[in-house]
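Report on the following structure.
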Amino acid sequence: MEHVISGVAKFQKEVFPGKKATFKKLATGQNPEVLFITCADSRIDPNLVTQTEPGDLFICRNAGNIVPPHSNQTGGMTASIEYAVAALGVRHIVICGHTDCGAMKGALAPEKLGALPHVREWLGHCHCATEVLREKHGELGEQHLDELIRENVLQQIQHLRTHPAVAAKLATKQVQLHGWVYDIAKGNVHCYDPVSETFIEMQEAYAEQKLAAG
């Protein structure tokens, strides 16, 4: 904990003064372009990976980068998604999974989560992803972890589409959905390509946007 406390002191003394104008502007409001939904895993830092500044990303984190399907029961993710899309007007929503995901390991072997009943129930939102893999492979094991991580991202995107605020903006092309997987060991990000129906290198996935910007 000491390094966390000293880090705050360093921020106040060395970092904040150089960004004072930015924080003064942010003190009265925010206008993020991207809703970034990722895992709560301590190894993931959305701003570090994307090299973005405070105010650029509206970040939601939970075990397994899960988006529960919309229902009449209000939850933190449902409220945050609605606020980001309907109130803040984000233009992009990224669901970012990652390698070596403990939540996905739990989804592969829910019988091992007896001592973690709330975790097991939460991972029920990944059931569709595990069923897709079970249909393809039958018995599932650790060797299917990377494939489940990718499939889970796709299924959570499907869940996103059930949220009224998201569905409305998709219908009017005011928001775009993105599926990413971050490789912790290599620093790579692979993005889902709906044309090839596979995850490909980010540079390839967004080549057209880079050309247009250049």
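The values are calculated or read from the model by the stated rules, or taken from the named source; none is laboratory data. This one's a predicted model, so the numbers in the text were calculated from it and none came from an experiment. Methodologically, a virtual Cβ is constructed for each residue, glycine included, from the backbone with ideal geometry; neighbour enumeration extends over all protein chains shown. The area values use the complete protein model at the heavy-atom level, side chains included, leaving out ligands, DNA and RNA. Shrake-Rupley method; radii C 1.70, N 1.55, O 1.52, S 1.80 Å.
For the stretch 133-140, does any single residue satisfy the condition of being surrounded by 13 or more Cβ atoms within 10 Å (Cβ to Cβ) and under 19 Å from the mean Cα position of the chain (by Cα)? Checked the stretch 133-140: no residue is surrounded by 13 or more Cβ atoms within 10 Å (Cβ to Cβ) and under 19 Å from the mean Cα position of the chain (by Cα).
Number of residues in the stretch 86-102 that are open to solvent by 10 Å² or more (accessible area, probe 1.4 Å) and in contact with an Asp or Glu (Cβ under 8 Å, 6 or more places away or on another chain): the value is 4. With respect to (1) in contact (Cβ under 8 Å) with a residue 40 or more places away in the chain; (2) out of contact with any His (no Cβ under 8 Å at 6 or more places or on another chain), the lone exception for Glu33 is condition (2). Taking the conditions (1) under 21 Å from Leu123 (Cβ atoms); (2) open to solvent by 30 Å² or more (accessible area, probe 1.4 Å) in turn, Val49 satisfies each one other than (1). Checked against (1) in contact with a Phe, Trp or Tyr (Cβ under 8 Å, 6 or more places away or on another chain); (2) part of a helix (DSSP H, G or I); (3) of a type outside the set (Phe, Trp, Tyr), Val166 passes all but condition (1).
Listed by first and then second residue, the pairs with beta-carbon distance under 8 Å, at least 6 apart or on different chains, first residue in the stretch 50-61 and on the phi > 0 side of the Ramachandran plot, second in a loop (DSSP other than H, G, I, E, B) and not aromatic (Phe, Trp, Tyr), are Gly55/Gln30; Gly55/Asn31; Gly55/Pro32. Filtering the stretch 16-46 to residues that are among the hydrophobic types (A, V, I, L, M, F, W, C), closer than 28 Å to Ile95 by Cβ and loosely packed, with under 10 Cβ neighbours inside 10 Å leaves nothing. Residues of the stretch 141-195 being in contact with a Ser or Thr (Cβ under 9 Å, 6 or more places away or on another chain), surrounded by fewer than 18 Cβ atoms within 10 Å (Cβ to Cβ) and farther than 23 Å from Ile44 by Cα, which ones? Thr162 - this is the single residue of the stretch 141-195 that is in contact with a Ser or Thr (Cβ under 9 Å, 6 or more places away or on another chain), surrounded by fewer than 18 Cβ atoms within 10 Å (Cβ to Cβ) and farther than 23 Å from Ile44 by Cα.
When restricted to residues that are of a type outside the set (Lys, Arg) and surrounded by fewer than 19 Cβ atoms within 10 Å (Cβ to Cβ), the stretch 118-132 contains 8.
Tell me the helices (runs of 4 or more DSSP H) entirely within the stretch 44-119 that contain at least 2 residues that are hydroxyl-bearing (Ser, Thr, Tyr).
Numbers: elements: 46-50, 76-82, 102-108.
Ranges flagged: 76-82.
What are the residues in the stretch 175-205 that are touching a Lys or Arg at 6+ places or on another chain (Cβ under 7 Å), farther than 23 Å from Ser71 by Cα and assigned to a loop (DSSP other than H, G, I, E, B), if any? The one that is touching a Lys or Arg at 6+ places or on another chain (Cβ under 7 Å), farther than 23 Å from Ser71 by Cα and assigned to a loop (DSSP other than H, G, I, E, B): Ile184.
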